[in-house]
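Trainee: Sharing a structure with you now.
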């Protein structure tokens, strides 16, 4: 099994992301929404392409504020389709807008995007069985647009909702554990 750790360490672009972000928990709606939209845009492309365009994505999607993106209309879609700094794919752009609206709905029902994710960590509250990747994918497909298995899997690994972002021998692994990723919080609750 190949790990991101195998080639990211020391890489100009992958290295900083791997060492400071990948697998670490995120809480803010804008941060989680950004990661979801970047993962959606990576579909069919390399993560390196996305990392190189990340700042352009942040500018184009107004800092990934879900409340702002949810209000994007036809004019903003045209603007995004003309922006060479991002991935100009109409389906991905429209998914970002629809998913921003979903995040706003999740704020109402769960307080935040992270609140929704945390509420779905366990499948069975009595035994605290962790949701599998396949169960997460099914949940995301019912909730969000443009979210297949690879997109959801990488989103969850990269935000600490699924274990396995780093090899245990990776120097970043212990720092991720210290940051208390969500999957670890579920294990601790189960042990009590």
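The values are calculated or read from the model by the stated rules, or taken from the named source; none is laboratory data. All values derive from a computational prediction rather than experimental measurement. As a convention, Cβ positions derive from the backbone with ideal geometry for all residues, glycine included, and neighbour counts pool all protein chains shown.
Trainee: Of the residues 157, 121, 184, 139, which single one is in contact (Cβ under 8 Å) with a residue 60 or more places away in the chain and over 19 Å from residue 17 (Cα atoms)?
Mentor: From the options 157, 121, 184, 139, the qualifying one is 121.
Trainee: Quick check, is residue 97 assigned to a loop (DSSP other than H, G, I, E, B), touching a helix residue (DSSP H, G or I) at 6+ places or on another chain (Cβ under 8 Å), closer than 16 Å to residue 34 by Cα and without any contact (Cβ under 8 Å) to a residue 60 or more places away in the chain? Please lay out each step first, then the result.
Mentor: Working: assigned to a loop (DSSP other than H, G, I, E, B): no; touching a helix residue (DSSP H, G or I) at 6+ places or on another chain (Cβ under 8 Å): yes; closer than 16 Å to residue 34 by Cα: yes; without any contact (Cβ under 8 Å) to a residue 60 or more places away in the chain: yes.
The answer is no for residue 97.
Trainee: For the range 123-149, enumerate the residues that are over 19 Å from residue 165 (Cα atoms), modelled with pLDDT under 95 and outside any loop (DSSP other than H, G, I, E, B).
Mentor: 123, 124, 129
Trainee: Surrounded by 14 or more Cβ atoms within 10 Å (Cβ to Cβ) and under 14 Å from the mean Cα position of the chain (by Cα), is that true of residue 94?
Mentor: Working: surrounded by 14 or more Cβ atoms within 10 Å (Cβ to Cβ): yes; under 14 Å from the mean Cα position of the chain (by Cα): no.
Against the criterion (surrounded by 14 or more Cβ atoms within 10 Å (Cβ to Cβ) and under 14 Å from the mean Cα position of the chain (by Cα)), residue 94 does not qualify.
Trainee: OK, next. Test residue 154 against the stated conditions and say whether it is surrounded by fewer than 17 Cβ atoms within 10 Å (Cβ to Cβ), at pLDDT 95 or above, more than 14 Å from residue 120 (Cβ to Cβ) and in contact with a helix residue (DSSP H, G or I) (Cβ under 9 Å, 6 or more places away or on another chain).
Mentor: no
Trainee: Shifting gears a bit: Of everything in the range 59-88, what is surrounded by fewer than 17 Cβ atoms within 10 Å (Cβ to Cβ) and in a helix (DSSP H, G or I)? Give them in sequence order.
Mentor: Those that are surrounded by fewer than 17 Cβ atoms within 10 Å (Cβ to Cβ) and in a helix (DSSP H, G or I): 59, 62, 63, 67, 68, 74, 75, 77, 78, 79, 81.
Trainee: Another question, if that's okay. Suppose we filter the range 150-176 for residues that are assigned to a helix (DSSP H, G or I) and more than 19 Å from residue 35 (Cα to Cα); how many remain?
Mentor: Just the residues of the range 150-176 that are assigned to a helix (DSSP H, G or I), to begin with: 150-158, 173-176.
From the residues that got through so far, the ones that are more than 19 Å from residue 35 (Cα to Cα) too are 173-175.
Count: 3.
Trainee: Something else about it: Looking for whichever is more than 18 Å from residue 155 (Cα to Cα) and modelled with pLDDT of 95 or more here; the options are 54, 78. Which one fits?
Mentor: One residue alone meets the criteria, 78.
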